[in-house]
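Undergrad: Quick one: the structure is below, and I'll ask about it shortly.
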Amino acid sequence: VQLQASGGGYVQPGGSLRLSCVASTSIYSGYVVGWYRQAPGKQRELVADTITGGLTTYADSVQGRFTISRDNAKNTIYLQMNSLKPEDTAVYYCHVRQLVGLKDFWGKGTQVTVSS
């Protein structure tokens, strides 16, 4: 599975951005899809993930502000980010885990910078 993320950029605190991630194949069934982020000097952390017909998980720090969604017809995962804070500044990575064999696939990352 190849993943192409886009939508990052520079935004002021309180602003919004929407990240998109297009997969090269159908990820409708048998995959956990989500977003991670890595800030400078910190470890990569889960932002949100979801599985078709199953749970959606959010990091406590983004709960209520970020929303993960998917368009299965377009093989695309979205991350709507509202009320952005400077601490949301990071490189955001699209991630897919194939449940059969537990194979992980990563996109190249897109930079999000929140600053006044």
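Undergrad: Given Cβ point charges of +1 (Lys, Arg) and -1 (Asp, Glu) and nothing else, what value in debye, to the nearest 20, does the dipole of the chain about its Cα centre take?
TA: 160
Undergrad: Ok, one more. Please report the spacing between the Cα centers of segment 85-112 and segment 19-80 in Å, no decimals.
TA: One Cα centre to the other: 8 Å.
Undergrad: Counting only C-alpha contacts under 8 Å and six or more residues apart, can you give the relative contact order of segment 17-116 as a whole percent?
TA: Relative contact order here is 31 percent.
Undergrad: Still on this model: Using a 1.4 Å probe and counting only protein heavy atoms, arrange Lys85, Lys108 so the residue with the most accessible area comes first.
TA: Order by accessible area, largest first: Lys108, Lys85.
Undergrad: Going by a ≥ b ≥ c, the root eigenvalues of the Cα gyration tensor, does segment 1-51 fall in the rounded group (a/c under 1.5), the prolate group (a/b larger than b/c) or the oblate group?
TA: Since a/c reaches 1.5 and a/b is larger than b/c, the shape of segment 1-51 is classed as prolate.
The values are calculated or read from the model by the stated rules, or taken from the named source; none is laboratory data. The structure presented is a predicted model; accordingly, all values stated were derived computationally and were not measured. When we count neighbours, we look across all protein chains shown, and the Cβ atoms used for this are built from the backbone with ideal geometry, even at glycine. Just so you know, the surface numbers come from the protein's heavy atoms only, side chains and all, with ligands and any DNA or RNA stripped out. Shrake-Rupley method; radii C 1.70, N 1.55, O 1.52, S 1.80 Å.
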